[in-house]
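Below: the structure, in structure tokens.
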């Protein structure tokens, strides 16, 4: 086993950390307050090739490995979870999913432009009445000549209101359950495709979250992603990519919480010494350290499996479950270190705390992760 | 245009650097190394010159094998080639021996139009290597450059602004020349992923004393007339005296304290 980062992983880490520090950190609090989508940052990330880190060179990426991909999510997550979320959706849910399931034409058409940030993507699986139970989705796609006509609503879609393309899941056969679902690549400018931005979220306020409303959206058959009826498999594999960067983003966010709390604890003096010197504060720091390091190792282990091309659904769920719960524990303790100041917007810990919360909910709740892990281990599915 | 940028690896400016009082050197073990911050501006300026006037940028460093990390970072920032000068014979070099060794490396690269150095390194703080190197290479030099106004490639001329204490001085010199740069000159770029990939794939040649030729007595310790007699960390500043109490009493005490020290 080798626990060292390679030279290129170290260089990517340094580069993204520098970018995050110089370009994202100064505006993160204001973007959060104004619910402002960080278009400038997204543009710069595109120019630096950050979206293309894990994309193969032949499709316009940098051809770096999956651990470098996690490191990008980690370093973005350390300063701004909204930006990390944009990255996760763009790269993991959309670009990597098209790379895995798309035909050569689709890969050539979309992946280089996603890698460069020229276009943004979103991923439409969840619906107002269909979350964990994805198979119960109500969106339909009806064959009509060379096209399909899609109708339905998609809910809580990150990048939904700003995306150029959407991976949309809809039922092509209502009676076939999971085997009746098909994935499509939909141009969001297609007539009948509209969006409604969702506001007043608890966190991720500067990332765009929208409802997608598809009314008689005509999509050519050549835009089917994978094969008709294989959409559920496409969705599940996309979540294997997505959950990986969510877990990595949680490690980064937890590190951000820790770093902020450490700085404060060394400066804040009570009872005649920095509070970092008090035993009950030290206990919280030790707990946070153990949590963060364990989470990081789980994430990198998944990266190792992905690099080797080994199926990793179970291991991704283990990492996502642990890291998403972990970051909430760490954010709680880090805020506790700040005392009353943590409750105000004066320090970034308040934003970190709010941003931590989503992670146990999206891309599969913690409960769903547990059911996947246990069903794999026990051989009996609970759903 | 053939551009050479000289860089040095130094302890991170965020690290707490400790001195070895017996050896008279910095303790580098366990301290993160970075590119000398002023040299980052030199790299950036070299890459910008290439982008404006064409040509290629070679970065060169004298140092231990791990200085390759600094050279790779320079490649990621857009330099085309890198050379490391590394040999046990170079150990213990002062600024004289360093500029000698670098000059041999730059001669070996050959046909250089412009050499760019940071104004000084953040560890030694001498600002001697750039000018020393110009002398060895018999190049015109413009130090403390805050802006390159123009390079006239046809007439082989450079016009640059120097940051001096009283303001800005505009100087022209014929090429080839050496300049040292200050941080006002540009904003070093963040590398992109493609240049990082290119950098990680680059082979960096290592030239030792034999490759450079030159006189063994001018390298390293033997070639260094400077002796560090003593190196030490100044004692931390002690906290001042705080006079407490009501303003009227406190002011009286303050006056007394200042008078008793013959300050008032």
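Residues are listed down the side, and each one gets a yes or a no for (1) out of contact with any strand residue (DSSP E or B) (no Cβ under 6 Å at 6 or more places or on another chain); (2) touching a residue at least 12 places away in the same chain (Cβ under 8 Å):
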residue	(1), (2)
B:135	yes, yes
B:139	no, yes
B:142	no, yes
B:147	no, yes
B:154	yes, no
B:161	no, yes
B:170	no, yes
B:176	yes, yes
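When residue A:309 is tested against (1) touching a residue at least 12 places away in the same chain (Cβ under 8 Å); (2) under 23 Å from the mean Cα position of the chain (by Cα), only condition (1) is not met. With the structure loaded, tell me whether residue A:215 is under 27 Å from residue A:70 (Cβ atoms) and either in contact (Cβ under 8 Å) with a residue 60 or more places away in the chain or outside the structural domain of residue A:68 (by TED's automatic domain parsing) (or both) or whether it fails that test. Considered against the rule, which asks whether it is under 27 Å from residue A:70 (Cβ atoms) and either in contact (Cβ under 8 Å) with a residue 60 or more places away in the chain or outside the structural domain of residue A:68 (by TED's automatic domain parsing) (or both), residue A:215 comes out as no.
When the stretch B:231-251 is limited to residues that are closer than 30 Å to residue B:20 by Cβ and surrounded by fewer than 10 Cβ atoms within 10 Å (Cβ to Cβ), the one that is farthest from the chain's Cα centre (by Cα) turns out to be B:239. Any chance the stretch A:335-349 includes a residue that's modelled with pLDDT of 95 or more and within 16 Å of the chain's Cα centre (by Cα)? The answer is no, given that none of the residues of the stretch A:335-349 is modelled with pLDDT of 95 or more and within 16 Å of the chain's Cα centre (by Cα). Can we say residue A:98 is over 22 Å from residue A:295 (Cβ atoms) and within 17 Å of the chain's Cα centre (by Cα)? Taking the combined requirement at face value, the residue satisfies it. Of all the residues in the stretch B:184-215, those that are surrounded by 12 or more Cβ atoms within 10 Å (Cβ to Cβ), away from every other protein chain (no Cβ under 14 Å) and outside any loop (DSSP other than H, G, I, E, B) number 7.
Only one entry in A:56, A:38 is modelled with pLDDT of 95 or more, within 22 Å of residue A:122 (Cα to Cα), surrounded by fewer than 24 Cβ atoms within 10 Å (Cβ to Cβ) and within 14 Å of chain B (Cβ to nearest Cβ), namely A:56. Of the set (1) in contact (Cβ under 8 Å) with a residue 40 or more places away in the chain; (2) in the same structural domain as residue A:27 (by TED's automatic domain parsing); (3) on the phi < 0 side of the Ramachandran plot, all apply to residue A:153 but (2). Please indicate, with yes or no, whether at least one residue in the stretch A:189-203 is out of contact with any helix residue (DSSP H, G or I) (no Cβ under 9 Å at 6 or more places or on another chain) and without any contact (Cβ under 8 Å) to a residue 12 or more places away in the chain. Scanning the stretch A:189-203 turns up at least one residue that is out of contact with any helix residue (DSSP H, G or I) (no Cβ under 9 Å at 6 or more places or on another chain) and without any contact (Cβ under 8 Å) to a residue 12 or more places away in the chain.
Tell me, yes or no, whether the stretch B:27-45 has at least one residue that is part of a helix (DSSP H, G or I), within 14 Å of chain A (Cβ to nearest Cβ) and more than 17 Å from residue B:81 (Cα to Cα). Within the stretch B:27-45, one or more residues are part of a helix (DSSP H, G or I), within 14 Å of chain A (Cβ to nearest Cβ) and more than 17 Å from residue B:81 (Cα to Cα). Every condition in (1) surrounded by fewer than 23 Cβ atoms within 10 Å (Cβ to Cβ); (2) within 14 Å of chain B (Cβ to nearest Cβ); (3) over 18 Å from residue A:208 (Cα atoms) is met by residue A:44 except one, and the failing one is (3). Taking the conditions (1) more than 29 Å from residue A:235 (Cα to Cα); (2) within 10 Å of chain B (Cβ to nearest Cβ) in turn, residue A:51 satisfies each one other than (1).
Against the test of being out of contact with any strand residue (DSSP E or B) (no Cβ under 8 Å at 6 or more places or on another chain) and over 18 Å from residue A:222 (Cα atoms), the options A:136, A:130 yield a single qualifying residue, A:130. Scanning for something farther than 20 Å from residue A:188 by Cβ and modelled with pLDDT of 95 or more, does the stretch A:83-97 turn up at least one residue? Looking through the stretch A:83-97, at least one residue is farther than 20 Å from residue A:188 by Cβ and modelled with pLDDT of 95 or more.
Among the residues of the stretch B:59-79, just one is under 23 Å from residue B:150 (Cβ atoms) and surrounded by fewer than 24 Cβ atoms within 10 Å (Cβ to Cβ), namely B:78. Taking the stretch A:5-35 as the range and being without any contact (Cβ under 8 Å) to a residue 24 or more places away in the chain, more than 10 Å from every other protein chain (Cβ to nearest Cβ) and either under 18 Å from residue A:88 (Cα atoms) or in contact with a helix residue (DSSP H, G or I) (Cβ under 9 Å, 6 or more places away or on another chain) (or both) as the test, only A:27 passes. Given the options A:70, A:20, A:28, A:95, name the one that is assigned to a helix (DSSP H, G or I) and in contact with a strand residue (DSSP E or B) (Cβ under 9 Å, 6 or more places away or on another chain). Of the residues listed, the single one that is assigned to a helix (DSSP H, G or I) and in contact with a strand residue (DSSP E or B) (Cβ under 9 Å, 6 or more places away or on another chain) is A:95.
The values are calculated or read from the model by the stated rules, or taken from the named source; none is laboratory data. Only a predicted model underlies this, so the values are computations on that prediction, with no experimental measurement involved. Glycine also receives a Cβ, built like all others from the backbone with ideal geometry; neighbour counts cover every protein chain displayed.
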